[in-house]
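Colleague: The structure's right below; bear with me while I get my questions together.
The values are calculated or read from the model by the stated rules, or taken from the named source; none is laboratory data. Note that the structure is a prediction, hence the values are computed from the model and not measured. Counting neighbours? That spans all protein chains shown, and the Cβs are built from the backbone with ideal geometry, glycine included.
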Amino acid sequence: MGEARSTAERFYEVFNEGKLEAACYIVTDDIENTEPNGTIKGWDAFFQYISTFKNAMPDARITPKRFVESGNTVVTEGTFSGTFTNPLQSPQGELPPTGKSFELPFIEINDVEGGRVKSHRVYYDQVSFMAALGLQQ
């Protein structure tokens with residue numbers, strides 16, 4: 001296992017344990033995060049992004065299933081799961097909790113520099129996510 005994979009795994013552990021502040025030691029201050037809704041830059045924006053999900057789903061977990069690593073890049077296939085028990089802040093406004101449990105497949109690509117994630121790109125089906133949360137049929 002190389003540095004890129006071990007760095008990604010450290011982030012998953014911190015997220016799963018709810019120790020989001022500790023992620024500042026795993027990602028760079030100028031991290032670039034891209035997901036289906038767009039791109040954000042910097043630690044503060046990234047912390048807000050991950051906090052939004054953990055606040056809405058306190059039991060949220062990232063479960064990696066497969067890694068493909070090449071140099072400073074690691075691709076992870078996995079699932080994001082949890083229970084939607086608190087309001088979720090979204091670009092469209094606050095979404096009310098439904099109490100639904102979900103398991104959402106994802107693919108993400110992390111570029112690591114100096115033992116920290118410099119670029120994080122995550123891909124998932126937004127329609128499936130909204131349906132799993134009970135917000136769309």
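Colleague: Does residue 33 count as modelled with pLDDT of 95 or more, polar (S, T, N, Q) and part of a helix (DSSP H, G or I)?
Modeller: Judged against the criteria, residue 33 is not a match.
Colleague: Are there strands (runs of 3 or more DSSP E) fully within the stretch 74-137 with at least 2 residues that are more than 19 Å from residue 23 (Cα to Cα)? List them.
Modeller: 88-90, 93-95, 101-113
Colleague: Another question about this same structure. Name the pairs: first residue in the stretch 11-33 and acidic (Asp, Glu), second residue part of a helix (DSSP H, G or I) and surrounded by fewer than 18 Cβ atoms within 10 Å (Cβ to Cβ), Cβ to Cβ under 6 Å, at least 6 apart or on different chains?
Modeller: Between residues of the stretch 11-33 that are acidic (Asp, Glu) and residues that are part of a helix (DSSP H, G or I) and surrounded by fewer than 18 Cβ atoms within 10 Å (Cβ to Cβ), the close pairs are 29/43.
Colleague: Could you check the stretch 46-59 and list, in sequence order, the residues that are closer than 14 Å to residue 91 by Cα and touching a strand residue (DSSP E or B) at 6+ places or on another chain (Cβ under 7 Å)?
Modeller: Residues satisfying the conditions are 49, 52.
Colleague: To continue, here is another question. Testing residue 12 on (1) more than 21 Å from residue 125 (Cα to Cα); (2) assigned to a helix (DSSP H, G or I); (3) of a type in the set (Ser, Thr, Tyr), one condition comes back false. Which one is that?
Modeller: All conditions pass for residue 12, except number (1).
Colleague: For the stretch 12-69, name all the residues that are within 24 Å of residue 97 (Cα to Cα), hydrophobic (A, V, I, L, M, F, W, C) and exposed (fewer than 15 other Cβ atoms within 10 Å of the Cβ).
Modeller: 45
Colleague: Something else about it: When you go through (1) at pLDDT 95 or above; (2) under 15 Å from the mean Cα position of the chain (by Cα); (3) surrounded by 15 or more Cβ atoms within 10 Å (Cβ to Cβ) one by one for residue 129, which number turns out not to apply?
Modeller: Checking residue 129 against (1) at pLDDT 95 or above; (2) under 15 Å from the mean Cα position of the chain (by Cα); (3) surrounded by 15 or more Cβ atoms within 10 Å (Cβ to Cβ), the one that fails is (1).
Colleague: Would the stretch 51-58 turn up any residue that is assigned to a strand (DSSP E or B) and out of contact with any Gly (no Cβ under 8 Å at 6 or more places or on another chain)?
Modeller: Step one: of the stretch 51-58, the residues assigned to a strand (DSSP E or B) are none.
Scanning the stretch 51-58, I find no residue that is assigned to a strand (DSSP E or B) and out of contact with any Gly (no Cβ under 8 Å at 6 or more places or on another chain), so the answer is no.
Colleague: What pairs can you find where one residue is in the stretch 81-107 and closer than 20 Å to residue 35 by Cβ and free of Cβ contacts under 8 Å to residues at least 40 places away in the same chain, the other is basic (Lys, Arg) and in a strand (DSSP E or B), and their Cβ atoms are less than 8 Å apart, with a gap of 6+ or different chains?
Modeller: Note: pairs meeting the criteria are 81/61; 82/61.
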